[in-house]
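The values are calculated or read from the model by the stated rules, or taken from the named source; none is laboratory data. Remember, it's a predicted structure, so these values are computed and weren't measured experimentally. Every residue, glycine as well, gets a Cβ built from its backbone with ideal geometry; the counts of neighbours run over all protein chains shown. For accessibility, only protein heavy atoms count, side chains too; no ligands or nucleic acids. Shrake-Rupley method; radii C 1.70, N 1.55, O 1.52, S 1.80 Å.
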Amino acid sequence: MLAQLVNTPLAVYDASWTMLSRNRLWVALLGEERSYVGRNLLRQTFLQRDRHTMQDHQQYAQFQRALAADLRTAAGRYPQDREIRSLIAELLEGSTDFALLWAEGVVEPFRAERKAILSPLLGQITLDCDVLITSDDDLRIVIYTTDASSIEAERLCDLAQFAIT
């Protein structure tokens, strides 16, 4: 999938939101430092507050809520997974925001949202973020898309040409 969808920014995460792989356009859109293999989105969001999006406070809070609820889904599915348990303990200790959200007990897979992204090469660009979850191994396939006839689509196409060369 990564090789086939070269004109679509795409990354693959495991159930604990650790990045396993991403395509060139993902790196071109978000930058190498924010997307290296093994980076954990939950640590990035709750412990480092490293944001590549231009979300307002309410949107960012919703994003955090969705990540915490998705991690709770994974923890329920894999209760003996040491990595997930260790991640939860680390987040509970290091983030008041995460601890409050975790205490709510919401269980829900992360699905989709619209994001205004701050790209190192494009500046601000607004894209749809969809998360597809595989049923067998709980991989999270994150895809950024936009309407094919939009200015954002043209900008992504230009970025794709840059990423391929």
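Listed by position, the helices (runs of 4 or more DSSP H) inside the stretch 1-88 whose residues that are closer than 20 Å to ASP137 by Cβ, aliphatic (A, V, I, L, M) and under 13 Å from the mean Cα position of the chain (by Cα) number at least 1 are 41-46, 57-77. Restricted to the stretch 41-99, and to residues there that are among the aliphatic types (A, V, I, L, M) and either open to solvent by 60 Å² or more (accessible area, probe 1.4 Å) or in contact with a His (Cβ under 6 Å, 6 or more places away or on another chain) (or both), the residue that is modelled with the highest pLDDT is LEU92. Within the stretch 91-103, the set of residues being touching a helix residue (DSSP H, G or I) at 6+ places or on another chain (Cβ under 8 Å), under 15 Å from LEU67 (Cα atoms) and part of a helix (DSSP H, G or I) comprises LEU91, LEU92, ASP97, PHE98, ALA99, LEU101, TRP102.
Out of ASP147, ASP128, ASP138, one residue alone is charged (D, E, K, R) and surrounded by fewer than 13 Cβ atoms within 10 Å (Cβ to Cβ). It is ASP147. Restricting the stretch 104-137 to residues that are part of a loop (DSSP other than H, G, I, E, B), modelled with pLDDT of 90 or more and closer than 14 Å to LEU67 by Cα leaves a set whose member that is farthest from the chain's Cα centre (by Cα) is GLY105.
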